[in-house]
Every structure is written in C-alpha cells, then in structure tokens.
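What follows is a short report on a single structure.
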Amino acid sequence: MSQTPPEFAPWLGVFETLRVVEGMPLFFREHREELSRAMAALELKSDFDFEKAGDDLEPNSGRWRWIVTTEGTRTLFSSEEVLPAGPGALSVSPVRVGSANWDARFKTVSYLTHAQAAKTAPTPEVVLLNEFGHVASASRGNIFWRRAERLFTPSEESGCRRGVVRGFVLKRCDVTTGPFPLDELLEADEVFVTNSMKGIVSMNECQGRSLVDFSTAEGLRNEYAKEIAAQLMARPD
C-alpha cells in the first residue's frame with residue numbers, strides 16, 4: 001500500500017544569527033524571542049534546548065546560527081573575527097519585497113530576495129523597497145536615517161524584520177516608524193544600517209550622494225559597545 005510522501009517544503013524554516021564573543025552569545029533572550037515569533041507565524045515547533053547548546057559552545061568568537069525547519073532544529077557555529085565596519089556606500093535595488101510576506105518580516109530560510117539584492121548590488125549595501133515603493137530594509141539588516149533632528153526607520157508593516165539591533169536603537173532613541181517613500185531616505189542627513197554581526201554601520205554614500213555626518217550612529221555605537229561589555233561582564237563563571 002502506497003503512502004503519501006511528506007510535503008516537500010525546503011522553504012519552510014526560520015533562523016536567527018547571533019554574534020558570539022569568546023563563547024558568550026550576545027542578546028540571547030532577544031534572539032530567542034524573535035525565533036519564537038517567527039516559528040509561531042510559520043507554525044513550526046521545536047523543543048531544542050538553546051541555552052544548553054550555548055553553555056556547550058567553545059570559548060571562541062564568531063557567528064552562531066539557529067535553524068528550525070519541519071525536519072528539526074540544528075545550530076551551526078563558525079569562527080569569525082568581527083572587525084569594526086567603516087562607512088559604506090548604499091544604493092537602491094530593483095529587487096522588491098512584499099510588505100506582508102513572511103520572508104520580508106521574518107528570517108526565513110527562503111532568503112532568496114535579500115540574497116539576490118545583495119548579490120546584484122553595485123555597492124556594499126543596498127536598500128529594498130516594497131510593492132508600494134516604500135523603504136523596507138537593507139539587504140543585510142534594518143535601515144535608519146536622520147533628517148535634521150528626527151530619526152526614522154520603516155515600520156514592520158512596510159516589510160522589515162523586527163531585528164534585535166533595531167530593537168536596541170528603538171529603546172534608546174525617539175524614532176518615527178511608518179511607511180516612507182524613497183525620497184525620504186534620499187534626502188537624509190545621515191543613514192545607518194543595523195544587524196547582529198556588524199552592529200551599527202554608517203553609510204557615507206546614498207544613491208551617489210555623499211554623507212559626512214555620522215554623529216547619531218557614533219553615539220549609538222558607543223552605547224552598543226557598552227551593552228556588549230555589560231553582557232560579557234555578567235556572564236556566569
């Protein structure tokens with residue numbers, strides 16, 4: 001008697017990427033919350049003990065990735081030296097994201113849209129727009145910009161991931177979120193991108209226009225460094 005084969009769903013999975021410093025995963029609780037949120041949206045289950053896996057990490061620095069799919073849960077660690085990221089150039093990608101799409105709002109293993117945008121970009125980083133022409137995110141993180149004294153970032157409804165470092169910035173600054181047309185970004189006085197491995201990275205060029213003011217990002221980088229130091233100091237013996 002033939003049996004119905006399991007669903008072929010290589011797209012059905014989520015992940016989180018944590019920066020690890022000398023065996024200490026940073027922002028562990030925040031990443032666990034984001035993973036749980038994505039799992040709930042995609043109706044994935046896992047009883048994997050991430051805390052125990054973290055305790056078993058070697059005292060090395062690098063990238064630790066959690067991956068949950070219909071076939072199970074696994075983690076991957078790769079040693080990596082995270083160097084301070086200098087200012088980089090940003091352009092606008094022709095690739096679009098769907099504002100309501102899971103692969104825009106969560107870190108899904110179906111990562112092709114963001115990977116395509118990064119791979120085909122003429123600059124180190126690139127901004128993606130949604131189907132309405134509103135700013136959604138960068139290809140490798142979330143995007144913020146400042147005009148005069150006001151700081152902006154796309155709302156989750158625009159098609160961005162909530163992001164752990166994005167959350168760090170939102171807790172420390174008065175940030176206006178919402179749907180913003182591209183012109184709002186192109187007229188910015190300062191632009192920076194956030195992700196868990198690089199932290200807070202300033203952009204010195206936006207679609208060919210030079211940017212020279214990095215003051216907001218510099219202040220946030222100092223606060224971010226202090227938070228990392230505090231987490232490392234609080235690690236159990």
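Each value in this text was obtained by applying a stated rule to the coordinates, not by laboratory testing. Computed from a prediction, not measured in an experiment: that's the story for all the values here. All Cβ positions, glycine included, derive from the backbone under ideal geometry; neighbour counts span all protein chains shown.
When the label point is put 7 Å from the Cα of residue 174 along its Cα-to-beta-carbon vector, which residues of segment 125-153 have a backbone N closer than 17 Å?
145-153
Using a simple charge model, +1 on the beta-carbon of Lys and Arg, -1 on the beta-carbon of Asp and Glu, nothing else, what dipole does the chain show about its Cα centre, in debye to the nearest 20? Walk me through the numbers before you get to the answer.
On the way: 27 positive and 34 negative charges, 34 e Å.
Taking the Cα centre of the chain as origin, the dipole is about 160 debye.
Restricting to the chain, compute how many DSSP beta bridges are antiparallel as a %, nearest 5. Mind dumping the intermediate values first?
Values: 38 of 50 bridges.
The antiparallel proportion sits near 75 percent.
Quick one: 3J(HN,Hα) in Hz for segment 193-208, Karplus 6.51/-1.76/1.60 with θ = phi - 60°, rounded, Gly and Pro as x.
Those phi angles translate into 10, 10, 7, 6, 7, 8, x, 10, 10, 6, 9, 9, 8, 10, 6, x Hz.
So how strong a dipole does segment 13-79 carry about its Cα centre when Lys and Arg Cβ are +1 and Asp and Glu Cβ are -1, to the nearest 20 debye?
Numbers: 9 positive and 13 negative charges, 42 e Å.
Charge dipole of segment 13-79: 200 debye, to the nearest 20.
Return the equivalent ellipsoid semi-axes of the chain as a descending list in whole Å, where each equals the square root of 5 times an eigenvalue of the C-alpha gyration tensor.
Gyration-tensor ellipsoid for the chain: 30, 24, 15 Å.
Working from the pairwise distances between different alpha carbons, so that the mean of 1/r is found and then inverted, what is segment 158-237's Kirkwood radius in Å?
Hydrodynamic radius (Kirkwood, Cα pairs) of segment 158-237 is 14.2 Å.
With runs of 4+ DSSP H residues as the only contributors, calculate the mean residue ellipticity of the chain at 222 nm using -39,500 (n - 2.57) per run, divided by the residue total and rounded to the nearest 500.
Details: 7 runs with 66 residues, N = 237.
Taken over the chain, the calculation gives -8000 deg cm²/dmol.
Going by how many other beta carbons lie within 10 Å of each one, how would you line up 95, 135, fewest first?
Values: 95 19, 135 27.
Fewest-to-most ranking of 95, 135: 95, 135.
If neighbour count is taken as other Cβ atoms inside 10 Å, put 203, 233 in order from fewest to most.
Values: 203 25, 233 7.
Result, fewest neighbours first: 233, 203.
Just want the ordering: 11, 145, 66, from fewest to most Cβ atoms lying within 10 Å of their own Cβ. Mind showing how you got there, number by number?
Values: 11 14, 145 27, 66 24.
By the 10 Å Cβ count, ascending, the order reads 11, 66, 145.
What number of lysine-lysine pairs in the chain show an alpha-carbon separation below 18 angstrom, given a sequence spacing of 8 or more or placement on distinct chains?
On the way: 45/107; 107/119; 107/198; 171/226; 198/226.
Lysine pair count for the chain: 5.
With θ set to phi - 60°, apply the Karplus curve 6.51 cos²θ - 1.76 cosθ + 1.60 along segment 38-47 and write out the HN-Hα couplings as whole Hz, x wherever there is a Gly or Pro.
Each residue's phi maps through the Karplus curve to give 5, 4, 5, 5, 9, 6, 9, 10, 7, 10 Hz.
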